[in-house]
Amino acid sequence: MREESPERKGPLRSGFTTGSCATATSLAAARLLLRGETFDALTIDLPKGGKTLLLRIEHCERSATGAIASIIKDAGDDPDVTHGARIFAQVELTAEPGITFLAGSGVGTVTRPGLVLEVGEPAINPVPRQMMRHHLERLALEAGYPGGFQVTIGVENGEVLAQKTMNARLGILGGLSILGTSGIVRPFSCAAYIASIQQAIDVARANGESHLAACTGNASEAAMRTHFGLPEIALIEMGDFVGAVLKHTKRVPVPRLSLCGGFGKISKLAAGHMDLHSRSSSIDLPWLAEQAAALGAGASLQAAIASCTTSQQALKLSHEAGFLLADHICRLARNVALSKLPAATALDVFAIDRAGNLMGSAS
């Protein structure tokens, strides 16, 4: 799971994607080869809206077989594992026209079907490839160059950074993916995270998995692995983005889906929230007290639950009084989730405590 950035007041700073880094570095290296030019910074075209982006080039020099350029990735204020990473492009000229992409050190290779890239391809996504083609083909035309390019993209320490992502589970081995659909990283948009959720679902379905478990974190994942004996490929790390799971499984139907998270997060889903992060939704303790009342809890227990400081305290009080609040909340959460899913999907919902113990379920 990615780490969260500290809360702060004021506007958040945008950054740029690994795809933008790959584009700028490949263009810088190619310019050196074809024009003998080096730049401290380059402007690249973004894939949407006719916008441009100015990026500072950290280093650019000729190599034994071509040229190499690097840039330091800046994700702005987004909690991105590649923030501060050195991304480089090695470019070589080829006699045949066209552009070939290779995975350098720290960039992964696709080893499982189900992704937009074929097995054996470097994990350089379609939009970054499109961006690089656009700039290199335009440069070749301007320079009167009839040949092609071999572009190798790498990320320094990428194999280690990839351990903080879902790449291995997706079958992307050896490093990170080069990502981005807009070229810009908008703080807390978490587009890359949502994309990885969608990819995980696609890969699991393409590999024949009919029962997927979407989990908010490590403890809920361990609970689902133990409870169902599911293989790793069927465990979807959704974080707080339950809405992204439900939306994608409506487009890519799953015969059976299990949702599992901490009781507090499941209570947010039960209240109708699709983003379970604290920046978007809060645990509503007075509402939990109302749900306990629906089970028969008296006024004193309702007041005690409403005055709790955590959902786990509320859960403990209700269970000690003999009211199975976790099961009730799971039922409500299941009803909310079912409204977003195809009728043919079998759904169950589980809630755990902080120790990872199953406290309630609905199926």
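No other residue among ILE99, ILE71, ILE124 is of a type outside the set (Ser, Thr, Tyr), within 23 Å of ILE201 (Cβ to Cβ) and buried (at least 16 other Cβ atoms within 10 Å of the Cβ) apart from ILE124. Output yes when any residue across the range 334-341 is β-branched (Val, Ile, Thr), open to solvent by 20 Å² or more (accessible area, probe 1.4 Å) and part of a loop (DSSP other than H, G, I, E, B), and no when none is. So far as the range 334-341 goes, no, none of its residues is β-branched (Val, Ile, Thr), open to solvent by 20 Å² or more (accessible area, probe 1.4 Å) and part of a loop (DSSP other than H, G, I, E, B).
Yes/no per residue for (1) at pLDDT 95 or above; (2) in contact with a His (Cβ under 8 Å, 6 or more places away or on another chain):
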residue	(1), (2)
SER278	no, no
ILE283	no, no
GLU290	yes, no
THR309	no, no
ASP327	yes, no
LEU338	yes, no
PRO342	no, no
ALA346	yes, no
PHE350	yes, yes
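Any residue that is crowded, with 16+ Cβ neighbours inside 10 Å and either assigned to a loop (DSSP other than H, G, I, E, B) or free of Cβ contacts under 8 Å to residues at least 12 places away in the same chain (or both) - is there at least one of those in the range 255-267? The answer is no, given that none of the residues of the range 255-267 is crowded, with 16+ Cβ neighbours inside 10 Å and either assigned to a loop (DSSP other than H, G, I, E, B) or free of Cβ contacts under 8 Å to residues at least 12 places away in the same chain (or both). If I go through the range 222-274 residue by residue, how many of them are under 18 Å from SER363 (Cβ atoms) and among the aromatic types (Phe, Trp, Tyr)? The number of residues fulfilling the criteria is 2. ASP74 falls short on exactly one of the conditions (1) under 27 Å from the mean Cα position of the chain (by Cα); (2) part of a strand (DSSP E or B); (3) in contact (Cβ under 8 Å) with a residue 40 or more places away in the chain, and that condition is (2). Checked against the criterion of being under 35 Å from the mean Cα position of the chain (by Cα) and more than 28 Å from LEU257 (Cα to Cα), the candidates ALA299, ALA306 yield just one match: ALA306. Restricting the range 80-115 to residues that are free of Cβ contacts under 8 Å to residues at least 60 places away in the same chain and not in a strand (DSSP E or B) leaves a set whose member that is nearest to the chain's Cα centre (by Cα) is GLY84.
The values are calculated or read from the model by the stated rules, or taken from the named source; none is laboratory data. No experiment lies behind these values; they were computed from the predicted model shown. Don't worry about glycine lacking a Cβ; one is built from the backbone with ideal geometry, like all the others, and counts go over all protein chains shown. Surface areas here come from the heavy atoms of the whole protein model, side chains and all, with no ligands, DNA or RNA. Shrake-Rupley method; radii C 1.70, N 1.55, O 1.52, S 1.80 Å.
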